[in-house]
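S.K.: Next up is a structure, given as structure tokens.
What follows is calculated from the coordinates using simple rules that are stated; it is not laboratory data. Everything numeric here is computed off the predicted structure, so don't read it as measured data. Cβ sites come from the backbone with ideal geometry, for glycine too, and all protein chains shown count toward neighbours.
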Amino acid sequence: MISPLRNSKFLHGSPPSTRGTPTGDPTGTSTTTLRIAETFVSRQGEGSLTGTDSFFIRTSGCNLRCWFCDTPYASWRPEGAPQSIDSLQKAAIDAKVEHVVLTGGEPLLPLESSTLTEALRSIGLHVTIETAGTVDRDVQCDLMSISPKFRSSTPDRTKHPRWHELHQKRRMPIDTMRRLIDRSDDYQVKFVVDAPTDLEELLEVTSALAVPKEKVWVMPQGITPEELDKASMWLSEWTDSQGFRYCDRMHIHWYGNRRGT
Ligand SMILES: C[S@@+](CC[C@H](N)C(=O)[O-])C[C@H]1O[C@@H](n2cnc3c(N)ncnc32)[C@H](O)[C@@H]1O
Ligand SMILES: Nc1nc2[nH]cc(C(=O)O)c2c(=O)[nH]1
Ligand code: SF4
Ligand SMILES: [Mg+2]
């Protein structure tokens, strides 16, 4: 098993000391905070930057509540304390990697997410945002990674009546997703497919978003290597036949579904 890259040495480019000073707040020490479930160093397991050593910042709190969420400690039962933008910027420098992944929960829910990405980019870090694409935040990043949520991800109506309704209402604002795409330097659209019945919606949403096929990643729903391998048997073939890209969630194969990886 490949171990996560905790405290790994700076791998590419210049050392952190030459990358400028923290600039989260140009007037001095920032007191702006975000609620953070966890930070860790690992390899990007999904999408176009798969395999890239990255510092992950996971905000806590989500406006959707998918039934399959692999990080319930940041959505269904949000954990974590407020952390300042300065301290997150410092932790990103200390991680000695060039890529930061801002994820959640839903990282675009807090207004402060735009200040945080600005602070990270101001010291030369590459910032990916992992988002479900439901919040129209005016935020800058290097890679906007949008994972639109199909109707099949809606939580059970009987067990969670309020979240069932909210999820349905919020999950697919095409115009908002389009604006997030238009504002970012680069983007990818990363669908979670649970069953063959999702494929029709995938094609509809891809067409509504008007994105080229090479920007579309198709990812199986699953949190074990067994689930992913079983899904890949039918899903990767369909993905190839359509000209989309297959996304195997490599971190699950490398580390298992473990927190902090
Ligand atoms: C936990 S979410 C956080 C960011 C944002 N809320 C979102 O959903 O895109 C991070 C990534 O994990 C994916 N994900 C979560 N649970 C999953 C599961 N059971 N199977 C496959 N992908 C999953 C999401 O679709 C998203 O791409
Ligand atoms: N290794 C690793 N890669 C990831 N890519 C996206 C993730 C996420 O939770 O957003 C994630 C994650 O949780 N771990
Ligand atoms: S939108 Fe993302 S964080 Fe929220 S419940 Fe769905 S998968 Fe989890
Ligand atoms: Mg994850």
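S.K.: Would you mind giving the three semi-axes, in whole Å and largest first, of the ellipsoid equivalent to the chain according to its Cα gyration tensor?
M.R.: Semi-axes from the Cα gyration tensor: 29, 21, 18 Å.
S.K.: Shape of segment 149-208 from its Cα gyration tensor (a ≥ b ≥ c, root eigenvalues): rounded if a/c is under 1.5, otherwise prolate when a/b > b/c, or oblate?
M.R.: oblate
S.K.: Treating cross-link reach as a plain straight distance, find the lysines whose alpha-carbon is under 24 Å from the alpha-carbon of Lys149, omitting any fewer than eight places away in the same chain.
M.R.: Output for Lys149: Lys159, Lys169, Lys190, Lys213, Lys215, Lys230.
S.K.: Normalised by the residues of the chain, what does the relative contact order come to in percent, with Cα pairs under 8 Å and at least six apart?
M.R.: Result for the chain is 19 percent.
S.K.: Now for a different question. Please list, in order along segment 121-133, the HN-Hα scalar couplings obtained from phi with the Karplus expression 6.51 cos²θ - 1.76 cosθ + 1.60 (θ = phi - 60°), rounded to whole Hz, x for Gly and Pro.
M.R.: Values per residue, Gly and Pro as x: 6, 5, 9, x, 7, 8, 10, 9, 10, 9, 9, 7, x Hz.
S.K.: Let a ≥ b ≥ c be the square roots of the eigenvalues of the Cα gyration tensor of segment 180-261; is it rounded (a/c under 1.5), or, if not, prolate (a/b larger than b/c) or oblate?
M.R.: oblate
S.K.: Further, regarding this structure: Give me the percent of DSSP beta bridges within the chain that run antiparallel, rounded to the nearest 5.
M.R.: 30 percent
S.K.: Students often get this wrong: which residues of segment 206-225 have the backbone nitrogen under 20 Å from the point 7 angstrom along Cα-to-C-beta of Ser232?
M.R.: Hits in segment 206-225 for Ser232 at 20 Å: 216-225.
S.K.: Roughly how big is the chain's charge dipole about its Cα centre, with Cβ charges of +1 (Lys, Arg) and -1 (Asp, Glu), in debye to the nearest 20?
M.R.: 560 debye
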